[in-house]
Amino acid sequence: MKQAIGSLDLNRPQSRYETAGGVSLQNIKPVKEKLLEELVELEKQMKVLEAGSAAVDFSMLQTYKEMIHSRKIFFNELNR
């Protein structure tokens, strides 16, 4: 887990951002914290799925990978 979120920096200075819909994000720290929580939880669930049985559901694994990837991209965009 450390390896997956090691490059994510929660303590960067906050600044103003807008969502794709134009909504202003004044305080991004709660958003970043929520993303980190989701990343940790999704990675735990994916590891359980991988270790769970001999018949691995590859489509479910791909779904987890995509959810993790999209959250990492969003988190990194908030750090710019």
**Asked** For residue 36 and residue 50 in one chain, what is 0.36 nm times their gap in residues minus the Cα-Cα distance, to one decimal in nm?
**Response** 2.9 nm
**Message:** Of 36, 78, 48, which is farthest towards the positive pole of segment 36-80's charge dipole, taken about the Cα centre with +1 and -1 on the beta-carbons of Lys, Arg and Asp, Glu respectively?
**Reply:** 78
**Prompt:** Using the Cβ atoms and a cut-off under 13 Å, what net charge is assigned to the surroundings of residue 46, where Lys and Arg are +1 and Asp and Glu are -1?
**Reply:** -2
**Message:** Can you tell me the length gained on complete extension of the stretch residue 76 to residue 61, counting 0.36 nm per residue apart and subtracting the Cα distance?
**Reply:** 3.1 nm
**Request:** Provide the net charge surrounding residue 61, with neighbours chosen by a C-beta distance below 13 Å and charges set as Lys +1, Arg +1, Asp -1, Glu -1.
**Result:** -2
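Any read-out appearing in this document is the output of simple, stated calculations on the displayed coordinates, not a laboratory observation. Everything numeric in this text was worked out from a predicted model, so none of it was measured. We place every Cβ from the backbone using ideal geometry, glycine too, and count neighbours over all the protein chains shown.
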